[in-house]
Amino acid sequence: MAARLIALASLKGGCGKSTLAFNLAAGLLRRGSVGLVDADPQGAVRHWLDWSADLAGESALPEVSAIGDDPHRTLADMARRYRNVVVDCPPSLDMVVTGEILNQVDVVLIPVLPSPLDLWAGASTVAAVQRARERNPGLQARLLLNQVEPSSALSRAMSLALARLEVPTLASMVRRRAAFRTAAVEGVSVYQLGARGREAAREMDQVIEELFRT
Ligand SMILES: Nc1ncnc2c1ncn2[C@@H]1O[C@H](COP(=O)(O)OP(=O)(O)O)[C@@H](O)[C@H]1O
Ligand SMILES: [Mg+2]
């Protein structure tokens, strides 16, 4: 079976691309081989793994590669080596490299925080995805609500606005949870946090199942 390439992308910084890329890769690793591609010049996921090696030594974390100077070649190479490839994109969609990644992946997940400002950024991201589809017609795109407050249901206005975007929103959402930050501090994924990460890991599993349900 061909590898699945999944990118986490958004116009907006701070929406959770790196956090979700890392934990998604860790969740997929429980199902098959995973390569994680760091395309962010800030190198969040690389630092995470270096940190992890320093703190915990070898653990069940995916292998990470930098995107390098030739994104097409890096992704093609990773697709040959792994069952799943997760790509953490740079913060701006204007970056040439993001365009090149979107031309090549099967799925793009767009994290969105449940606030109007973030939703507008989500809408611009959707426009960029539509442009990428001219070259990569099979590109699937999904919005993923992240950092949803545990107590508040999504407002009706938010739900309506999301429904108007041309990219569907996953029914699974990720809540704002201390476990996501704790995992980063400890250099692990939420799956390695035991009881402290159980709910967060369950959410990541739901995202994976919804995304790859066929
Ligand atoms: N679901 C979540 N719950 C709690 N904190 C989160 C969650 N998702 C992301 N964060 C935190 O939000 C900040 C931004 O996330 P990050 O993954 O770096 O975003 P991006 O890569 O899009 O810039 C980080 O401090 C991260 O730990
Ligand atoms: Mg990032």
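Summary table
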item	result
Net charge dipole size for segment 4-212 [Lys, Arg +1 and Asp, Glu -1 on Cβ; Debye, nearest 20]	580
Rule-of-thumb Rg ratio for the chain [Cα; 2.2 N^0.38 Å; N residues]	0.95
Only Lys, Arg (+1) and Asp, Glu (-1) charged, at Cβ; segment 118-214 dipole about Cα centre in debye	80
Listed residues 51, 120 arranged by accessible area, highest first, probe 1.4 Å	120, 51
Whole-percent carbon and sulfur share, accessible surface of segment 4-212, 1.4 Å	52
Accessible area per residue in Å² at 1.4 Å probe, computed on segment 4-212	46
Unit charges on C-beta of K, R, D, E only; dipole of segment 69-124, Debye	280
q = 0.20 Å⁻¹: log10 I(q)/I(0) that the Debye formula gives for segment 77-184, counting C-alpha atoms only	-1.14
Kirkwood Rh and Cα Rg combined as Rg over Rh, evaluated for segment 134-203	1.09
Within-15-Å neighbourhood charge of residue 150 [Cβ basis; K, R +1; D, E -1]	+3
Relative contact order computed over the chain (Cα-Cα under 8 Å; 6+ residues apart), in percent	26
Heavy-atom SASA rank of 209, 186, 203, 166 (probe 1.4 Å, accessible area, largest first)	166, 209, 186, 203
Segment 170-188 versus segment 95-160: alpha-carbon centroid distance in Å	19
Probe 1.4 Å, all protein chains present, accessible-area order of 45, 64, largest first	64, 45
Debye-sum result for segment 104-148 in log10 I(q)/I(0), which assumes one identical scatterer on each alpha carbon, at q = 0.14, 0.33 Å⁻¹	-0.33, -1.16
Solvent-accessible surface (1.4 angstrom probe) belonging to residue 191, in square angstrom, nearest 10	30
Under the Karplus curve 6.51 cos²θ - 1.76 cosθ + 1.60, θ = phi - 60°, whole-Hz ³J(HN,Hα) for segment 120-137, x wherever Gly or Pro sits	5, 4, x, 5, 5, 5, 4, 4, 5, 5, 4, 5, 4, 5, 5, 9, 10, x
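The values are calculated or read from the model by the stated rules, or taken from the named source; none is laboratory data. Computed from a predicted structure; not experimentally measured. Counting neighbours? That spans all protein chains shown, and the Cβs are built from the backbone with ideal geometry, glycine included. We work out accessible area using only protein heavy atoms, side chains counted, and drop any ligands, DNA or RNA first. Shrake-Rupley method; radii C 1.70, N 1.55, O 1.52, S 1.80 Å.
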